[in-house]
1. Just a yes or no: is a residue in segment 484-500 aliphatic (A, V, I, L, M), in contact (Cβ under 8 Å) with a residue 12 or more places away in the chain, touching a Phe, Trp or Tyr at 6+ places or on another chain (Cβ under 6 Å) and in a strand (DSSP E or B)?
2. Let me confirm something: among Ala41, Ala77, which residue is touching a Lys or Arg at 6+ places or on another chain (Cβ under 8 Å) and at pLDDT 95 or above?
3. Is it true that Ala184 is over 19 Å from the mean Cα position of the chain (by Cα), of a type outside the set (Lys, Arg), assigned to a loop (DSSP other than H, G, I, E, B) and not assigned by TED's automatic domain parsing to the domain that holds Glu326?
4. Do you know which residues across segment 10-60 are touching a Ser or Thr at 6+ places or on another chain (Cβ under 6 Å) and at positive phi?
5. Just give me the residues in segment 311-354 being at pLDDT 70 or above, touching a Phe, Trp or Tyr at 6+ places or on another chain (Cβ under 7 Å) and not in a loop (DSSP other than H, G, I, E, B), in sequence order.
6. Just checking, does segment 140-153 include any residue being in the same structural domain as Glu188 (by TED's automatic domain parsing) and either free of Cβ contacts under 8 Å to residues at least 12 places away in the same chain or of a type in the set (Lys, Arg) (or both)?
7. Quick check, is His128 over 19 Å from the mean Cα position of the chain (by Cα) and over 21 Å from Thr153 (Cα atoms)?
8. Could you check segment 90-118 and list, in sequence order, the residues that are among the acidic types (Asp, Glu) and either on the phi > 0 side of the Ramachandran plot or touching a Pro at 6+ places or on another chain (Cβ under 8 Å) (or both)?
Amino acid sequence: MSTSERMASDKDRVVIFDTTLRDGEQSPGASMTLEEKLQIAQLLDEMGVDIIEAGFPIASNGDFEAVSEIAKLVKKAVVCGLARANPADIDRAGDAIRHSERRRIHTFIGTSPLHRQFQLALDQDAVHERVVSSVTRARNFTDDVEWSPMDATRTEPDFLCRTVESAIRCGATTINIPDTVGYASPAEFEELIKMLIERVPGADDVAFSTHCHNDLGLAVANSLAGVAGGARQIECSINGLGERAGNAALEEIVMAIRTRGDHFPYYTNIDTTMLMRASKLVSAASAFPVQYNKAIVGKNAFAHESGIHQDGMLKNAETYEIMRPEDVGVKASSLVMGKHSGRHAFRDKLTDLGFNLGDNALEDAFRRFKDLADRKKHIFDEDIEALVEDEMTQAGEAIRLVALTVIAGTGGSPKAIVTLDIDGEHVTKEATGDGPVDAMFTAIRSITPHEAKLQLYQVGAVTEDSDAQAEVSVRLGQGDRIVTGRGADTDTMIASAKAYVSAVNKLVGGQAGAKPAAKLKAV
């Protein structure tokens, strides 16, 4: 390839900036453990993500540790730390990313009238001064500095141009334009990017980026419109995970560009066959289920029930599918699973579903699968997904459910007897309650004392048959902390207990051997 051809090709490449581990984790209840973050970061690196925003180092010691460990782990991607426009944030981010050979600091400040007046209490000149000082300070740690004017889509154009120009002059190499509250329309966002590139001196020497939220369901459309306007980086997250209604979904961005090359003449470096695997990993780690009809990675994305659709599919799959399932990591063929299936078939099925388990985890999952097959006549893909995700949730937890007895009926108060394993020691408690679930949760709380309030108790069926597994979500809130646990079992009470215990593990830092869990032994 000649130099001119390579330069032309580079101009057509869209850089993928993944913020699952930063903006995604800011979703209420989506906190992840260090181990989960490392697994996700490694997978993002393998699948070809260009920049991984690993966290917000100043936010907590846990965030700092995660960014630092990801910086050591990742081999190909740029590792990025987020920082507000103040010295302490920037210094902390610089320290967190120092182990990475390819590192970036992403610094930001609100620029819209609303943010200046109500959040910052600063005028335009004071905000501008912070832009200059923050970008200048960030350059002391790395040559790769990204700057964002938060709430850019509601910022006065003249002031936005002024701040972008100063950020470039002070050494920012990427200018990210956030639609922080998902307010813009695609036409407006495309024109905004075009305006900045045309008006701001030095714009040709930097990369422009999009960061669009999904409050009006336009995050992906706005991101792609920004690329049409001249941006060449898109900030996005797996499953669209993010604050409020979420971010632009990475899998939708990538597959739109790949599938509609006639309309989006660009390319990314993402290995799309890993999209389903990434979706499942993030869903399990965050305890945020993927909606059934979610584009690209939803369970119904390649499912057809209508007789007309089935007829078309049998004759030619392109009649109703614009993408091949294999292109996103879903195999069209499937094995019928039951109690007579062996380990080989079970492993193949897990691979088809996007799971890659180690030998020990595979054995545990296979044992639970056999138990489920004895209790359930028909085993569906969704049953196996729920089983493995439940196993992944419990793996390494210091507090685990051992035994549960619930007595309920028309006579007397419901009673629950619960036995938990806390770092290898069994503790049993009995409690009564207004109902069987209340009794069970009270018994667990007596073993694992905490002041968290139950904010959500949600039960769903994994499949439609009468012997379906129950999939339960429990959300606990204590002060500013919100944690979510999930559990699955054919017995709704057991699934509920697993979900509550999973949430408690997150609440007390319940990794095996962790001090907070160890203290519970004395209770």
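1. no
2. Criteria check complete, one pass: Ala77.
3. Yes, satisfied.
4. The one that is touching a Ser or Thr at 6+ places or on another chain (Cβ under 6 Å) and at positive phi: Gly29.
5. The answer is Pro325, Arg343, Phe346.
6. Within segment 140-153 (the criterion being in the same structural domain as Glu188 (by TED's automatic domain parsing) and either free of Cβ contacts under 8 Å to residues at least 12 places away in the same chain or of a type in the set (Lys, Arg) (or both)), the answer is no, since none of the residues qualifies.
7. no
8. Asp95
The values are calculated or read from the model by the stated rules, or taken from the named source; none is laboratory data. In this text, all values refer to a predicted model and were calculated from it rather than measured experimentally. Counting neighbours? That spans all protein chains shown, and the Cβs are built from the backbone with ideal geometry, glycine included.
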